[in-house]
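This report concerns only the one structure given below.
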Amino acid sequence: MKAVISDIKRFAVHDGDGIRTTVFFKGCPLGCIWCHNPECISQKPVTAYYANNCASCMECTKVCPNKCHKADGGVHIFDRTLCTACGKCQKVCFKNALKIYGTECTVDEILPILTADRQFYANSSGGVTLSGGECLIYADFCVELLKRLKAENINTAVDTCGFVSKEALKKVIPYTDVFLYDIKAIDENTHIRCTGKSNRFILENLKYIDGIGKKTEIRIPYVPKYNACEKEKILEFIKGLKNTVKVRVLPYHNYAGSKYEALGIKNKLPELLPSDDEIREFQADADKIINFC
């Protein structure tokens with residue numbers, strides 16, 4: 001059994017409580033206009049070319065089996081239509097201009113990485129978070145991985161967009177200590193505008209998780225002109241939940257612009273950023289809900 005992993009980030013502090021290791025799975029069912037992990041959208045491995053890092057040494061032309069890399073007047077030209085993301089070019093690129101996002105891995109291959117920092121987890125009440133993309137695309141893989149982590153007494157978190165089958169959720173629930181669950185909008189049309197998909201399934205799944213008593217950290221990406229009008233509706237929805245342990249308002253940022261360029265994906269990131277005051281006010285209102293509960 002394998003899953004396509006985009007990255008494994010050690011010493012993460014924003015993906016659940018304490019110090020954590022976060023596993024980023026590749027593939028996502030949503031198309032969020034503000035996506036800051038575009039390398040995780042496609043389920044297939046992809047090659048990113050960061051042109052600003054390139055030294056035009058052209059070592060990549062010597063190892064590429066598909067002739068994706070060419071020199072034109074001393075300038076490196078990358079034809080991604082020929083690329084199969086074999087990774088040979090990345091190995092010879094000393095300037096890190098070429099990077100493969102997505103490697104097929106087994107549980108046995110990644111488990112030693114995740115257990116290496118168990119002392120940091122223990123000292124900080126941290127653990128391992130499965131994220132993405134959408135990790136539950138690989139539900140059976142996640143079950144096996146979570147089982148192995150629980151056998152090692154490691155705290156587990158599943159970060160999900162919620163646009164998954166209830167069967168997938170049921171599989172991982174017994175081995176998940178907390179869900180990190182996104183709410184992007186309550187109004188269905190607003191959600192479709194922002195992500196390309198309805199949120200009915202997402203909200204139903206959240207109610208299901210809450211109804212069986214599973215701890216959940218609600219995460220709200222806040223994007224002016226897109227879901228800013230949803231603030232009151234989201235907070236009112238959260239009031240009806242009984243097992244929310246935390247609400248985090250995530251300020252939108254556009255740092256991922258270089259990734260879009262490197263991946264050859266059209267950049268649709270919104271230009272307007274939220275102000276610090278907007279985030280503080282939203283977070284304060286969210287904290288009142290948790291304190292009230």
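Please list 3J(HN,Hα) in residue order for region 14-23, calculated via the Karplus relation 6.51 cos²θ - 1.76 cosθ + 1.60 where θ = phi - 60°; whole Hz, with x for glycine and proline.
With coefficients 6.51, -1.76 and 1.60, one gets 10, 10, x, 6, x, 7, 9, 10, 10, 9 Hz.
To the nearest 10 degrees, how steep is helix 276-292 against the longest Cα principal axis of the chain, on a 0 to 90 scale?
Rounded to the nearest ten degrees, it is 40.
What part of the accessible area of region 189-293, given as a whole %, is carbon or sulfur when the probe is 1.4 angstrom?
Details: 3020 of 5960 Å².
Carbon and sulfur atoms account for 51 percent of the accessible area of region 189-293.
Under the classification rounded if a/c is under 1.5, otherwise prolate if a/b is larger than b/c and oblate if not, where does region 136-293 fall, given a ≥ b ≥ c as square roots of the Cα gyration tensor eigenvalues?
Because a/c hits 1.5 or more and a/b fails to exceed b/c, region 136-293 counts as oblate.
Using a 1.4 Å probe on the protein heavy atoms, what percent of the accessible area of region 126-177 belongs to carbon and sulfur?
Carbon and sulfur: 43 percent of the exposed surface of region 126-177.
For region 168-238, what is the relative contact order in percent, using Cα pairs closer than 8 Å and at least 6 residues apart in sequence?
Across region 168-238, relative contact order equals 44 percent.
Need one number: nm distance between label points at residue 268 and residue 285, each 7 Å from Cα along Cα→Cβ, rounded to one decimal.
That separation, rounded to one decimal, is 2.7 nm.
Could you order peptides 244-251, 270-277 by the average number of other Cβ atoms within 10 Å of their residues, highest first?
Ranked by mean Cβ neighbours within 10 Å, highest first: 244-251, 270-277.
Counting only heavy atoms of the protein chains, get the accessible area per residue of the chain (1.4 Å probe) and round it to a whole Å² value.
Ligands and nucleic acids excluded, the result is 50 Å² per residue.
Of 224, 213, 155, which is farthest towards the positive pole of the chain's charge dipole, taken about the Cα centre with +1 and -1 on the beta-carbons of Lys, Arg and Asp, Glu respectively?
It is 155, whose Cα lies furthest towards the positive end.
Given an 8 Å cut-off on Cα distances and at least 6 residues of separation, report the relative contact order of the chain as a percent.
Worked out over the chain, it gives 19 percent.
Using only Cα atoms, find the angle between the long axis of helix 200-211 and the longest principal axis of the chain, and express it within 0 to 90 degrees, rounded to the nearest 10.
60
With semi-axes √(5λ) of the Cα gyration tensor in Å in mind, check [x] 35, 24, 17; [y] 32, 25, 18; [z] 29, 21, 18 and report the label derived from this structure.
The calculated read-out lines up with [x].
Please compute the contact order of region 149-293 in relative form: average sequence separation of alpha-carbon pairs under 8 Å and at least six residues apart, divided by the residue count, as a percent.
Taking the mean separation of contacting Cα pairs over the length of region 149-293, I get 21 percent.
The values are calculated or read from the model by the stated rules, or taken from the named source; none is laboratory data. This one's a predicted model, so the numbers in the text were calculated from it and none came from an experiment. Cβ: placed from backbone, ideal geometry, glycine included. Neighbour counts: every protein chain shown. Accessible surface is based on the protein model in full, side chains and every heavy atom, while ligands, DNA and RNA are left aside. Shrake-Rupley method; radii C 1.70, N 1.55, O 1.52, S 1.80 Å.
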